[in-house]
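Data block below; observations after.
Derivation of every value follows stated rules applied to the coordinates shown; laboratory data play no part. All figures in this text were calculated on a predicted structure; none of them were measured in a lab. Glycine gets a Cβ as well: all are built from the backbone with ideal geometry, and neighbour counts include every protein chain shown.
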Amino acid sequence: MAYDPSNIFARILRGEIPCRKVFEDEHVLAFRDINPQAPVHILVIPKGAYVSLDDFSAQASPAEIAALVRAVGEIARTQGLAESGYRILANHGADSHQEVPHFHVHVFGGRPLGRMISKA
Ligand code: AMP
């Protein structure tokens, strides 16, 4: 799947749409989900143009991959989730219902999160 530069996270990265930013460095931007599924629900995205984890894992540089993983951990710690616990999730493709075709990691926390996935 080719990267679509008109997707909403690309527009956030270009500053065309506002976001509630919680973290930024050279390779990564993180902001609050507009429709939170938990008291803390943050999206962590690479600044590079990657459709999903499939694309990111194959094409991104080691520096980009390291930056994203380190950002997830740092954000969880600064949000106070490291002790109580949190969940990360990344959707790829149709079966996962990925909505936004720019790679993003969801970080959920702030309450007990229940079982991993439903059977539906
Ligand atoms: P996914 O289904 O994994 O592609 O998740 C996309 C996520 O992006 C959803 O949780 C949406 O609520 C979230 N989202 C969509 N538009 C925005 C936006 N403008 N700002 C923040 N989060 C958004």
Practice problem: Tell me what the chain gives for mean residue ellipticity at 222 nm when only DSSP H runs of n ≥ 4 count, each as -39,500 (n - 2.57), the sum divided by the residue total, rounded to 500 deg cm²/dmol. | Solution: -7500 deg cm²/dmol
Quiz prompt | Amide hydrogen neighbours beyond the local backbone of K47, cut-off 5 Å, H modeled | solution = V28, L29
Quiz item: How big is the charge dipole of the chain about its Cα centre, in debye rounded to the nearest 20, if each Lys and Arg gets +1 on its Cβ and each Asp and Glu gets -1 on its Cβ?
Solution: 460
Quiz item: Considering the dipole of the chain built from charges on the beta carbon (Lys and Arg +1, Asp and Glu -1) around the Cα centre, which of P112, F23, N35 is farthest to its positive end?
Solution: P112
Quiz prompt | Kirkwood hydrodynamic radius of region 8-109, Cα pairs, Å | solution = 13.7
Self-check item: Relative contact order of the chain, pairs being alpha-carbon contacts under 8 Å that are 6 or more residues apart, as %
Solution: 30
